[in-house]
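A short write-up of the structure that comes next.
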Amino acid sequence: MEALFHMVFTLFKVSIQASVYATLLLGLVRLYGRRNPTHPLVLASRHARRFWWVSGFLVSVALVGFSCTYWGYHGFGDSACVPLGHGEAMEEMNGVTTYFKPVQQLSGYEDAGEVLTYQVRHDMLCAVLAPDSAYYTYNLDSKTSQLFADRADYESYARGHDLPRPDEFEGFKRHYRRYWGGWRFWLLA
C-alpha cells in the first residue's frame, strides 16, 4: 500500500514539475527566438501547445528515469535510501531499521547488521552498529572495513585519521532530510 501511495505521489509531483519546466522552456525558447528566429527549437515553439506537451513529456521521462538511478533513487514505499558515494547507500526499512549491506559481510552481523548512527567524512563511513554498539568504519572507495572493540579504540583511530567523533554521528532520518530536502525535493522526482 505504501508503494502504491508513493508511486501516485511521485507521478503527481513529476507532472507538476514537468508542467513548470515545460512552461519555463517555452518562455526561454521564445526569448531566444528574438535573437535567432531560425533556430529549430524556435521554429518548433511556434506551435506552443504541441511544444509544451512534447517538452513536458520528455522532462517527465527524464525525471522518472533519473529517479531510477543511483543518485536519484530515494527509496520507494516503506523503504528509504541515501547515497553515500562510490555506489554505496545507507538504507532504511519501515522507518525503523537502518542497514548498510557491507555490514552483513562481517562475522556475527550476517542477520543483524543494523546501523544506529553514522557519519561520512573523506569517503569513510563511520557508524555505530546494533546490537552491541560496536564502532565500524568502511572506506567507500577501497571497500575495506574495520570493526572496533569499543568507543575508546574508535576515538583514538578517529583522531589519527581526521574522522568524526561519535557525538557527531547522526541517525538516518537527519541524513535523509539533509540530503533529499531543499533543492533536491523541489527540483527532482
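The values are calculated or read from the model by the stated rules, or taken from the named source; none is laboratory data. Please read all numbers here as calculations on a predicted model, not as lab measurements. Using ideal geometry, Cβ is built from the backbone for each residue, glycine included, and neighbour counts are taken over all protein chains shown. Ligands, DNA and RNA are excluded from the accessible area calculation, which covers all protein heavy atoms including side chains. Shrake-Rupley method; radii C 1.70, N 1.55, O 1.52, S 1.80 Å.
Couple of notes before you dig in:
- Sparsely packed loop sites in region 78-157 (the GluC sites (Glu not before Pro) outside DSSP H, G, I, E and B with at most 13 other Cβ atoms within 10 Å) comprise E110.
- Annotation: amide H-H contacts under 5 Å for L140 (H modelled 1.01 Å from N, sequence separation of 5 or more, or interchain): M124, L125.
- A value for semi-axes √(5λ) of the Cα gyration tensor in Å was derived from the coordinates, and within the list [x] 23, 20, 16; [y] 26, 19, 17; [z] 45, 18, 12 it appears as [z].
- Here K143 is the anchor, and the lysines within straight C-alpha reach of less than 22 Å, apart from those fewer than 8 places off in the same chain, are K101.
- Note that region 135-189 carries a Kirkwood radius of 13.4 Å, evaluated over its alpha carbons pair by pair.
- The per residue volume of the convex hull around the alpha-carbon atoms of region 1-95 is 112 Å³.
- Karplus (6.51, -1.76, 1.60) ³J(HN,Hα), θ = phi - 60°, over region 128-136, in Hz, Gly and Pro reported as x: 10, 9, 8, x, 9, 6, 6, 9, 9
- Per residue, the chain exposes 61 Å² of accessible surface when a 1.4 Å probe is rolled over the protein heavy atoms with every protein chain present.
- Accessible-area composition of the chain, carbon plus sulfur, in percent [1.4 Å probe]: 62 percent
- The distance from the alpha carbon centre of region 13-30 to that of region 89-147 is 41 Å, rounded to a whole number.
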